[in-house]
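The values are calculated or read from the model by the stated rules, or taken from the named source; none is laboratory data. In this text, all values refer to a predicted model and were calculated from it rather than measured experimentally. Methodologically, a virtual Cβ is constructed for each residue, glycine included, from the backbone with ideal geometry; neighbour enumeration extends over all protein chains shown. Quick note on the areas: whole protein, heavy atoms, side chains included, nothing else; ligands and nucleic acids left out. Shrake-Rupley method; radii C 1.70, N 1.55, O 1.52, S 1.80 Å.
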Amino acid sequence: MYAQMVTSEGGKARDEMTPEERAFQDRIDRGERIEPKDWMPEGYRKTLIRQIGQHAHSEVVGQLPEGNWITRAPTLERKQILLAKVQDEAGHGLYLYSAAETLGVSRDELTGMLLAGKMKYSSIFNYPTLTWADIGAVGWLVDGAAIMNQVPLQRTSYGPYARAMVRICKEESFHQRQGYSIMMTMARGTPDQKAMAQDALNRFWYPSLMMFGPSDKDSVHSAQSMAWKIKINTNDELRQKFVDQTVPQARFLGLEIPDPGLAWNEEKGGHDFSQPDWSEFYEVLKGNGPCNAERMEARIEAWEDGAWVREGLMAHAEKRAAAHAAE
Amino acid sequence: MSSEWPLWEVFIRGQHGLNHRHVGSLHAPSAEMAIQNARDVYTRRNEGVSIWVVRSNDIAASAPSDKGPLFEPSNAKVYRHPTFFDIPDDVGHM
Ligand SMILES: [Fe+2]
Ligand SMILES: [Fe+2]
Ligand SMILES: [Fe+2]
């Protein structure tokens, strides 16, 4: 997902817990929200910083593949829409960094860790957007997959994170619909345009399935995160839901999901489908995806080129405050 | 040189006649910029008619451990609620 393979710390059996830890777990089990000043286990705090930070980085880096097409959108209206969508993603990054900051880490520290390669962002944003149809596929599939994960996270145990998710979810459905609307236009267009839409689906299908992360039904990290309610569903559950939701949408477009193994399974009430190539996923996480280097370069450049603006505005504000105080 | 902008809490009045409500926070060098940024992030879909910003550092907050002393006494004063008093139906609406 936007936060993939987050390692959690501090998994303990109930009889190994301190009384404080037990009381904390009881609060979570009762469905209470944990707020910034409440006592929390160190592992809970650290795991959340990792997860929310990775989610925030994904929102910000996720602007790059779409930003690539703002100046090349086919109409002025499409350009305005895409610009608004990408602006929303900047806002999502902000909401999430703010939530992480309530846990005692600063935004600049988080940015520093991203730029130093010590924190990750979602694997999906290391794939290129080669054609305008890719912008449709990203909104439809990538934002669609993100929604699958973010909707249940509105009920996560950490208050500021849950509230950030509520705001984000309100904006996401615009994202997915604008993407699908691009796909509809392309799929109903000329044969070349339809082929372009099919090609975008072909390239984004498996990377979208990878967004949910490898199967975690046996992962101790996931078990701990689920006990803490900072993860609500298993990766496989969400992936299944995503496939079941997307197949009819593709059919409506007259496009074909690039999976010969795809079939309706009456017994389980869902589709059978092929797994993505997980070795490719691990390569992308290691930094060897098609665009990893380019994405990091763009973030580092933005950070360094923006330094004089950040410093100048701060110096100006301090000067004015001093002048005001002297009056 | 570290020039991390200070953190501000943002409050928005959704409509005339309602209270300002906390909606989130952001970084900005000054109050003016904080309002500009709040406009850009928190009122992109007609969410408000007025914005307040305040430096996060300037907010004094109660501690979770004060919950008992601060709020418990009011639980004991049930007579503060109108439902405490039994008024016969014959009296009519009150
Ligand atoms: Fe987003
Ligand atoms: Fe997104
Ligand atoms: Fe989005």
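Convert 37 °C to kelvin, take the viscosity as 0.692 mPa s, use the Kirkwood radius over C-alpha pairs of chain A as Rh, and evaluate the Stokes-Einstein diffusion coefficient in µm²/s, rounded to a whole number. Before the final figure, lay out each step's value.
On the way: Rh = 21.2 Å.
Answer, rounded: 155 µm²/s.
With a bin width of 5 angstrom, please list the P(r) values of region A:112-189 as percents of all Cα-Cα pairs, from the 0 bin to the one holding the largest distance.
Going out from 0 Å in 5 Å bins, region A:112-189 shows 3, 14, 18, 17, 18, 16, 8, 3, 2, 0 percent.
How many Å³ per residue does the convex hull of the Cα positions in region A:65-153 occupy?
Per residue, the Cα convex hull of region A:65-153 comes to 116 Å³.
Can you bin chain B into rounded, prolate or oblate? Criterion: square roots of the alpha carbon gyration tensor eigenvalues sorted a ≥ b ≥ c, rounded for a/c under 1.5, prolate for a/b above b/c, oblate for the rest.
Taking the square roots of the gyration eigenvalues as a ≥ b ≥ c, chain B is oblate.
If the limit is 27 Å between Cα atoms, which of A:Lys37/A:Lys286; A:Lys46/A:Lys286; A:Lys85/A:Lys268; A:Lys37/A:Lys241; A:Lys85/A:Lys194 go over it? It would help to have the intermediate numbers written out before the result.
Details: A:Lys37/A:Lys286 36 Å; A:Lys46/A:Lys286 22 Å; A:Lys85/A:Lys268 36 Å; A:Lys37/A:Lys241 36 Å; A:Lys85/A:Lys194 24 Å.
Table pairs above 27 Å Cα-Cα are A:Lys37/A:Lys286; A:Lys85/A:Lys268; A:Lys37/A:Lys241.
Please compute P(r) over all alpha-carbon pairs of region A:194-327, binned at 10 Å starting from zero, and give each bin as a whole-number percent.
The calculated distribution, bin by bin, is 10, 24, 24, 17, 12, 8, 4, 1.
Helix-derived [θ] at 222 nm for the protein assembly as shown: sum -39500 (n - 2.57) over DSSP H runs of at least 4, divide by residue count, nearest 500?
The per-residue figure over the protein assembly as shown is -17500 deg cm²/dmol.
Compute, for region A:107-208, the length of the dipole vector about the Cα centre, with Cβ point charges of +1 (Lys, Arg) and -1 (Asp, Glu) only. Units Debye, rounded to 20.
300 debye
For a test of the definition: using alpha carbon positions, the gyration tensor, and the 1.5 limit on a/c, classify region A:123-259 as rounded, prolate or oblate.
prolate
Quick one: how many Å² of B:Asp40 are accessible to a 1.4 Å probe, rounded to 10?
Around 80 Å² of this residue is reachable by solvent.
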